[in-house]
Amino acid sequence: MRLNAFLARAGVASRRRADELIKAGRVHVNGAPGELNTVVGARDVVELDGRRVARQPLAYVLLHKPSGVVTTARDPESRPTVLDLVDHDVRVVPVGRLDAATTGALLLTNDGPLAHRLAHPRYGVEKVYVADVDGVPSDETVERLAAGVELEDGPTAPARIRRLAPSRLELVLHEGRNRQVRRMCEAMGHPVRRLHRARYAGLDVGDLRPGASRELTRAEIDALRELTRTSRPSRG
(Lines give C-alpha, C1' and ligand atoms only; values in the text may rest on other atoms or scores of the structure.)
Protein backbone atom coordinates (compact mmCIF):
# COMPACT_ATOMS: atom_id res chain seq x y z
CA MET A 1 0.00 0.00 0.00
CA ARG A 2 1.30 3.46 -0.89
CA LEU A 3 2.30 5.56 2.12
CA ASN A 4 -0.32 8.24 1.47
CA ALA A 5 -3.02 5.57 1.22
CA PHE A 6 -1.82 4.05 4.50
CA LEU A 7 -2.07 7.42 6.25
CA ALA A 8 -5.51 8.06 4.78
CA ARG A 9 -6.80 4.66 5.88
CA ALA A 10 -5.35 5.25 9.35
CA GLY A 11 -7.46 8.38 9.62
CA VAL A 12 -4.49 10.75 9.70
CA ALA A 13 -5.45 12.85 6.68
CA SER A 14 -6.74 12.74 3.14
CA ARG A 15 -4.32 11.41 0.51
CA ARG A 16 -3.59 14.94 -0.69
CA ARG A 17 -2.89 16.15 2.84
CA ALA A 18 -0.84 13.00 3.49
CA ASP A 19 1.36 13.88 0.50
CA GLU A 20 2.01 17.27 2.09
CA LEU A 21 2.98 15.65 5.39
CA ILE A 22 5.34 13.29 3.58
CA LYS A 23 6.98 16.09 1.59
CA ALA A 24 7.41 18.09 4.80
CA GLY A 25 9.49 15.26 6.26
CA ARG A 26 7.06 14.58 9.09
CA VAL A 27 6.49 10.92 8.19
CA HIS A 28 9.03 8.14 8.79
CA VAL A 29 8.90 4.47 7.82
CA ASN A 30 11.12 2.13 9.83
CA GLY A 31 13.08 5.16 11.03
CA ALA A 32 13.77 6.57 7.55
CA PRO A 33 12.02 9.59 6.00
CA GLY A 34 9.05 8.52 3.91
CA GLU A 35 8.84 9.35 0.21
CA LEU A 36 5.82 9.84 -2.05
CA ASN A 37 6.54 6.49 -3.70
CA THR A 38 7.16 4.57 -0.44
CA VAL A 39 5.19 1.33 -0.18
CA VAL A 40 4.16 0.17 3.29
CA GLY A 41 4.06 -3.54 4.13
CA ALA A 42 2.41 -5.42 6.98
CA ARG A 43 5.52 -5.33 9.21
CA ASP A 44 6.59 -1.75 8.53
CA VAL A 45 6.43 0.85 11.29
CA VAL A 46 5.05 4.24 10.25
CA GLU A 47 5.47 7.30 12.44
CA LEU A 48 4.11 10.83 12.17
CA ASP A 49 5.99 13.46 14.16
CA GLY A 50 7.61 10.65 16.15
CA ARG A 51 4.36 8.89 17.05
CA ARG A 52 3.48 5.51 15.65
CA VAL A 53 0.51 5.43 13.28
CA ALA A 54 -1.75 2.47 13.90
CA ARG A 55 -3.62 0.63 11.17
CA GLN A 56 -7.39 0.91 11.23
CA PRO A 57 -9.93 -1.72 10.18
CA LEU A 58 -11.82 -1.22 6.96
CA ALA A 59 -15.21 0.41 7.37
CA TYR A 60 -18.13 0.83 4.97
CA VAL A 61 -21.02 3.17 5.81
CA LEU A 62 -24.19 4.06 3.92
CA LEU A 63 -25.60 7.51 4.68
CA HIS A 64 -29.00 8.94 3.79
CA LYS A 65 -27.66 12.39 2.92
CA PRO A 66 -30.09 15.19 3.74
CA SER A 67 -30.40 18.49 1.87
CA GLY A 68 -28.14 21.35 2.93
CA VAL A 69 -25.15 19.15 3.78
CA VAL A 70 -21.98 19.24 1.67
CA THR A 71 -20.09 16.12 0.55
CA THR A 72 -16.62 16.97 1.80
CA ALA A 73 -14.43 16.49 4.86
CA ARG A 74 -14.36 20.18 5.73
CA ASP A 75 -16.05 23.23 4.26
CA PRO A 76 -14.46 26.71 4.05
CA GLU A 77 -17.92 28.23 4.47
CA SER A 78 -18.46 26.26 7.69
CA ARG A 79 -21.52 24.47 6.32
CA PRO A 80 -22.36 21.06 7.82
CA THR A 81 -20.60 18.17 6.11
CA VAL A 82 -21.47 14.51 5.68
CA LEU A 83 -18.68 13.61 8.13
CA ASP A 84 -20.53 15.58 10.81
CA LEU A 85 -23.38 13.08 10.43
CA VAL A 86 -21.36 9.85 10.56
CA ASP A 87 -20.34 8.81 14.07
CA HIS A 88 -17.71 6.16 13.47
CA ASP A 89 -14.59 4.98 15.27
CA VAL A 90 -12.49 5.18 12.11
CA ARG A 91 -12.18 7.98 9.57
CA VAL A 92 -14.26 7.34 6.47
CA VAL A 93 -14.59 9.58 3.43
CA PRO A 94 -17.33 9.87 0.79
CA VAL A 95 -17.14 7.97 -2.48
CA GLY A 96 -17.98 10.55 -5.12
CA ARG A 97 -20.16 13.57 -4.40
CA LEU A 98 -23.72 14.75 -4.14
CA ASP A 99 -24.30 18.49 -4.32
CA ALA A 100 -25.59 20.22 -1.21
CA ALA A 101 -29.24 20.24 -2.31
CA THR A 102 -29.35 16.60 -3.43
CA THR A 103 -30.50 13.93 -1.00
CA GLY A 104 -30.11 10.16 -0.94
CA ALA A 105 -27.66 7.27 -0.89
CA LEU A 106 -24.01 8.11 -0.21
CA LEU A 107 -21.29 5.56 0.51
CA LEU A 108 -18.38 6.41 2.84
CA THR A 109 -15.36 4.18 3.41
CA ASN A 110 -11.65 4.06 4.19
CA ASP A 111 -11.12 1.33 1.61
CA GLY A 112 -9.17 3.44 -0.85
CA PRO A 113 -8.77 0.89 -3.68
CA LEU A 114 -12.48 0.03 -3.69
CA ALA A 115 -13.49 3.70 -3.51
CA HIS A 116 -11.24 4.45 -6.49
CA ARG A 117 -12.78 1.67 -8.57
CA LEU A 118 -16.34 2.65 -7.68
CA ALA A 119 -15.67 6.24 -8.73
CA HIS A 120 -13.77 5.35 -11.92
CA PRO A 121 -15.76 5.69 -15.18
CA ARG A 122 -14.30 2.39 -16.39
CA TYR A 123 -16.59 0.42 -14.09
CA GLY A 124 -19.77 2.32 -14.94
CA VAL A 125 -21.31 1.97 -11.49
CA GLU A 126 -25.09 2.37 -11.66
CA LYS A 127 -26.67 5.41 -10.04
CA VAL A 128 -30.46 5.82 -9.83
CA TYR A 129 -31.95 9.30 -9.38
CA VAL A 130 -35.48 10.59 -8.95
CA ALA A 131 -35.89 14.15 -10.21
CA ASP A 132 -38.86 16.49 -9.77
CA VAL A 133 -38.61 19.01 -12.60
CA ASP A 134 -40.31 22.20 -13.71
CA GLY A 135 -43.04 21.66 -16.28
CA VAL A 136 -44.12 18.39 -17.83
CA PRO A 137 -41.49 16.85 -20.12
CA SER A 138 -42.90 15.47 -23.34
CA ASP A 139 -42.35 11.88 -24.40
CA GLU A 140 -39.92 13.17 -27.00
CA THR A 141 -37.94 14.98 -24.29
CA VAL A 142 -37.75 11.81 -22.21
CA GLU A 143 -36.47 9.91 -25.25
CA ARG A 144 -33.85 12.59 -25.91
CA LEU A 145 -32.69 12.45 -22.29
CA ALA A 146 -32.31 8.71 -22.62
CA ALA A 147 -30.42 8.92 -25.92
CA GLY A 148 -27.89 11.46 -24.64
CA VAL A 149 -27.75 15.22 -24.13
CA GLU A 150 -25.10 17.57 -25.47
CA LEU A 151 -23.46 19.37 -22.53
CA GLU A 152 -20.54 21.78 -22.41
CA ASP A 153 -18.21 18.89 -21.49
CA GLY A 154 -19.51 16.62 -24.24
CA PRO A 155 -22.54 14.41 -24.87
CA THR A 156 -23.86 12.23 -22.08
CA ALA A 157 -23.92 8.46 -22.45
CA PRO A 158 -27.26 6.71 -23.07
CA ALA A 159 -29.33 6.32 -19.92
CA ARG A 160 -32.54 4.64 -18.85
CA ILE A 161 -35.31 7.14 -18.16
CA ARG A 162 -38.75 6.34 -16.75
CA ARG A 163 -41.61 8.72 -16.03
CA LEU A 164 -42.94 8.22 -12.48
CA ALA A 165 -45.40 11.15 -12.55
CA PRO A 166 -46.09 14.03 -14.95
CA SER A 167 -43.14 16.05 -13.61
CA ARG A 168 -41.14 13.27 -11.94
CA LEU A 169 -38.49 11.22 -13.74
CA GLU A 170 -36.34 8.28 -12.74
CA LEU A 171 -32.89 8.42 -14.36
CA VAL A 172 -30.47 5.48 -14.33
CA LEU A 173 -26.92 6.59 -15.17
CA HIS A 174 -23.54 4.92 -15.42
CA GLU A 175 -21.61 8.19 -15.57
CA GLY A 176 -20.75 10.45 -12.66
CA ARG A 177 -20.19 13.93 -14.02
CA ASN A 178 -20.54 16.99 -11.84
CA ARG A 179 -24.24 17.91 -11.40
CA GLN A 180 -25.03 15.75 -14.42
CA VAL A 181 -28.75 15.14 -13.84
CA ARG A 182 -29.39 18.81 -13.14
CA ARG A 183 -27.49 19.89 -16.26
CA MET A 184 -29.23 17.31 -18.45
CA CYS A 185 -32.69 18.38 -17.37
CA GLU A 186 -31.90 22.08 -17.61
CA ALA A 187 -30.52 21.59 -21.14
CA MET A 188 -33.91 20.15 -22.09
CA GLY A 189 -35.79 23.10 -20.60
CA HIS A 190 -36.93 21.40 -17.38
CA PRO A 191 -34.76 22.53 -14.45
CA VAL A 192 -34.67 20.23 -11.44
CA ARG A 193 -36.64 21.35 -8.40
CA ARG A 194 -35.75 18.37 -6.20
CA LEU A 195 -33.21 15.61 -6.71
CA HIS A 196 -32.85 12.36 -4.76
CA ARG A 197 -30.37 9.54 -5.37
CA ALA A 198 -32.46 6.47 -4.74
CA ARG A 199 -29.69 3.92 -5.27
CA TYR A 200 -25.92 3.82 -5.67
CA ALA A 201 -24.08 0.67 -6.76
CA GLY A 202 -27.05 -1.43 -5.69
CA LEU A 203 -27.33 0.26 -2.27
CA ASP A 204 -30.52 2.09 -1.32
CA VAL A 205 -31.34 4.02 1.84
CA GLY A 206 -34.34 1.82 2.68
CA ASP A 207 -35.76 2.83 6.05
CA LEU A 208 -32.88 5.17 6.92
CA ARG A 209 -34.19 8.60 7.81
CA PRO A 210 -32.35 11.64 6.35
CA GLY A 211 -29.12 12.13 8.26
CA ALA A 212 -28.98 8.53 9.51
CA SER A 213 -26.38 5.95 8.50
CA ARG A 214 -25.62 2.26 8.89
CA GLU A 215 -22.78 -0.20 8.37
CA LEU A 216 -22.83 -2.27 5.21
CA THR A 217 -23.37 -5.99 5.57
CA ARG A 218 -20.71 -8.47 4.51
CA ALA A 219 -22.89 -9.47 1.55
CA GLU A 220 -23.16 -5.83 0.43
CA ILE A 221 -19.39 -5.35 0.68
CA ASP A 222 -18.75 -8.50 -1.32
CA ALA A 223 -21.26 -7.32 -3.94
CA LEU A 224 -19.40 -4.00 -4.31
CA ARG A 225 -16.12 -5.81 -4.83
CA GLU A 226 -17.68 -8.12 -7.39
CA LEU A 227 -19.21 -5.12 -9.15
CA THR A 228 -15.76 -3.63 -9.75
CA ARG A 229 -13.95 -6.76 -10.86
CA THR A 230 -14.59 -6.11 -14.54
CA SER A 231 -15.01 -2.86 -16.42
CA ARG A 232 -17.96 -1.94 -18.61
CA PRO A 233 -17.35 -1.74 -22.36
CA SER A 234 -16.89 1.79 -23.64
CA ARG A 235 -19.76 3.34 -25.56
CA GLY A 236 -17.36 3.77 -28.52
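The values are calculated or read from the model by the stated rules, or taken from the named source; none is laboratory data. Remember, it's a predicted structure, so these values are computed and weren't measured experimentally. Here the Cβ is made from the backbone with ideal geometry for all residues, glycine too, and neighbour counts use every protein chain on show. Quick note on the areas: whole protein, heavy atoms, side chains included, nothing else; ligands and nucleic acids left out. Shrake-Rupley method; radii C 1.70, N 1.55, O 1.52, S 1.80 Å.
Observations on the model:
- Taking every alpha-carbon pair under 8 Å whose residues sit at least 6 apart, the stretch 1-131 reaches a relative contact order of 22 percent.
- For the chain, built as a Gaussian network whose Cα springs stay under 10 Å, the top-fluctuating residue of Val142, Val69, Val128: Val142
- Relative contact order [Cα under 8 Å, 6+ residues apart], the chain, whole percent: 21 percent
- In the chain, taking the dipole from charged Cβ atoms about the Cα centre, the farthest positive-side position among Asn37, Gly124, Asn178 is held by Asn37.
- Cα gyration tensor, the stretch 163-234 - rounded (a/c under 1.5), prolate or oblate: oblate
- Within the accessible area of the chain, the carbon and sulfur atoms contribute 47%, probe 1.4 Å, all protein chains present.
- In this Cβ point-charge picture (+1 for Lys and Arg, -1 for Asp and Glu), the chain has a dipole of about 400 debye about its Cα centre.
- 1.4 Å probe accessible area per residue over the chain, in Å²: 54 Å²
- Taking the Cα centre of the stretch 124-236 as reference, the dipole from Cβ charges on Lys and Arg (+1) and Asp and Glu (-1) amounts to some 240 debye.
- Taking the DSSP bridge list for the stretch 1-119 and keeping only pairs wholly inside it, about 95 percent are antiparallel.
- Its relative contact order, with pairs defined as Cα atoms under 8 Å and 6+ residues apart, puts the stretch 116-236 at 35 percent.
- Placing unit charges on the Cβ atoms of the charged side chains and taking the dipole of the chain about its Cα centre, the candidate lying farthest along the positive direction among Ala187, Val149, Pro166 is Val149.
- From its DSSP helices (H runs of at least four residues, each -39,500 (n - 2.57)), the chain gives a residue-normalised ellipticity at 222 nm of -6000 deg cm²/dmol.
- Normalised by 2.2 N^0.38 Å, where N is the number of residues, the alpha-carbon radius of gyration of the chain equals 1.14.
- Scanning the chain for GluC sites (Glu not before Pro) that sit in a DSSP loop and have at most 12 other Cβ atoms within 10 Å, the longest stretch containing none of them is 153-236.
- Once the Cα gyration tensor of the stretch 1-135 is diagonalised, semi-axes √(5λ) in Å: 33, 16, 13
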